[in-house]
1. Just the residues that are of a type outside the set (D, E, K, R), surrounded by 12 or more Cβ atoms within 10 Å (Cβ to Cβ) and at pLDDT below 85, please, taken from region 216-256.
2. Could you look through region 149-170, keep only residues that are acidic (D, E) and in contact with a strand residue (DSSP E or B) (Cβ under 9 Å, 6 or more places away or on another chain), and pick out the one that is farthest from D267 (Cα to Cα)?
3. Just to be sure I understand, how many residues within region 218-262 are more than 22 Å from G106 (Cβ to Cβ), under 26 Å from the mean Cα position of the chain (by Cα) and not in a helix (DSSP H, G or I)?
4. Run down R137, R103 and say which single residue is over 17 Å from the mean Cα position of the chain (by Cα) and in a strand (DSSP E or B).
5. Sort out which residues of region 14-28 are buried (at least 20 other Cβ atoms within 10 Å of the Cβ) and either assigned to a helix (DSSP H, G or I) or touching a Lys or Arg at 6+ places or on another chain (Cβ under 7 Å) (or both), and write them in order of number.
6. Looking only at region 263-288, filter to residues that are at pLDDT below 70 and not in a helix (DSSP H, G or I); which one of those is surrounded by the most Cβ atoms within 10 Å (Cβ to Cβ)?
7. Can you find a residue that is at pLDDT below 95 and part of a helix (DSSP H, G or I) anywhere in region 207-215?
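The values are calculated or read from the model by the stated rules, or taken from the named source; none is laboratory data. Computed from a predicted model, the values in this text were never measured in an experiment. Here Cβ is always computed from backbone atoms with ideal geometry, including for glycine, and neighbour counts include all displayed protein chains.
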Amino acid sequence: MENKELLASAILQTLSYFDYFKYPLNADEIHRFLEVPSTPVDIQNCLLEMMDEQKVSSDGTFYSLYGKTPLFERRKISNALAMELIPRAKSVGRFLYRFPFVRFVGISGSLSKLYADEKTDFDFFIVTAPNRLWIARSFMHAFKKLSFLFNKQEHYCMNYYLDSDHLQLEDRNRYTSIELSTLIPVVNSTLYKRLIRENFWLKENVPNFHLSQVVTDHRQMMPVKFLSEFLINLFFPSRLNHLLMRITDIKWKRKWQRAGYPMEDYDLAFRTREYISKNHPKNYQKRVLTQMDKKRVNVFGIT
């Protein structure tokens, strides 16, 4: 396949991926999420040809698979709302950083792609101190239960935790590459850069991605946080961390079984180790990747 055909196929694959979420992309985003190395100029030239060939639709700013033009206005509305919500999500993220043993907070999910609607949650990616992940998570989710009293639970969706000694993601695929590359750091730019650096495989799936996001750290003195960590560390914290993990894992498995979901999918949706907590009950990773396998795209269209 010639380079031009390879690039066109990669563009269609990228647009198809985001079409699952009904989300058209601009040229910079296509370049950023493309699976093959390219330049912005190459992308622009290829998009013009693909529009002439009626493989791609555009409103002059955004691009989608041909015939998806009604999505353009939807994206503009969702972007405007996301820009309103992101400062609030960052404020919540800075608050979450105050919990014991939390070392990094980043915004993930749809808001990290600048999409928001009336049902949008504030999703967060958390990094904790080593061997303290489940202690930190338990404190944070105890607080989340209180947020239900004020109908603010959607602002505290902490669904992915790693500890700082285990920053490499176990799942290395198209879905996790896009999720990691769109992460919006809120607190601790140093750890954010280390997270990206240690997941070196990211460049295999999104070779045009460059670390460009800058975060103003808010790691000011937090006497209550430091004191609580000091006190917890006096009472067998490693044993407590393991106990909290086991209790949570048992509870999650029971819920999964009651819902009738296949147990072979449990570890993908609810990954539970001492160094990782992944709580994705809707199992978007499997759903998206399965859909992409069914919707393979080449330069001749969708098959």
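1. First, the residues of region 216-256 that are of a type outside the set (D, E, K, R): 216, 218, 220-224, 226-228, 230-238, 240-245, 247-248, 250, 252, 256.
Filter again for surrounded by 12 or more Cβ atoms within 10 Å (Cβ to Cβ), leaving 218, 222, 228, 232-233, 237-238, 240-245, 247-248, 252, 256.
Listed by number, the residues that qualify are H218, M222, W256.
2. Just the residues of region 149-170 that are acidic (D, E), to begin with: 154, 163, 165, 170.
This time we only want the ones that are in contact with a strand residue (DSSP E or B) (Cβ under 9 Å, 6 or more places away or on another chain), so: 163, 170.
On the way: D163: 18, E170: 11 Å.
Per the stated criteria, the residue is D163.
3. 3
4. Working: R137 fails: in a strand (DSSP E or B).
Unique residue meeting the criteria: R103.
5. Residues of region 14-28 buried (at least 20 other Cβ atoms within 10 Å of the Cβ): 14-15, 17-19, 23-25.
Those that are buried (at least 20 other Cβ atoms within 10 Å of the Cβ) and either assigned to a helix (DSSP H, G or I) or touching a Lys or Arg at 6+ places or on another chain (Cβ under 7 Å) (or both): T14, L15, Y17, F18, D19, Y23, P24.
6. In this case the residue turns out to be N283.
7. no
This table checks each residue for (1) crowded, with 17+ Cβ neighbours inside 10 Å; (2) over 17 Å from R32 (Cβ atoms); (3) among the acidic types (D, E).
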| residue | (1), (2), (3) |
| --- | --- |
| L47 | yes, no, no |
| S57 | yes, yes, no |
| G60 | no, yes, no |
| F72 | yes, yes, no |
| I86 | yes, yes, no |
| K90 | yes, yes, no |
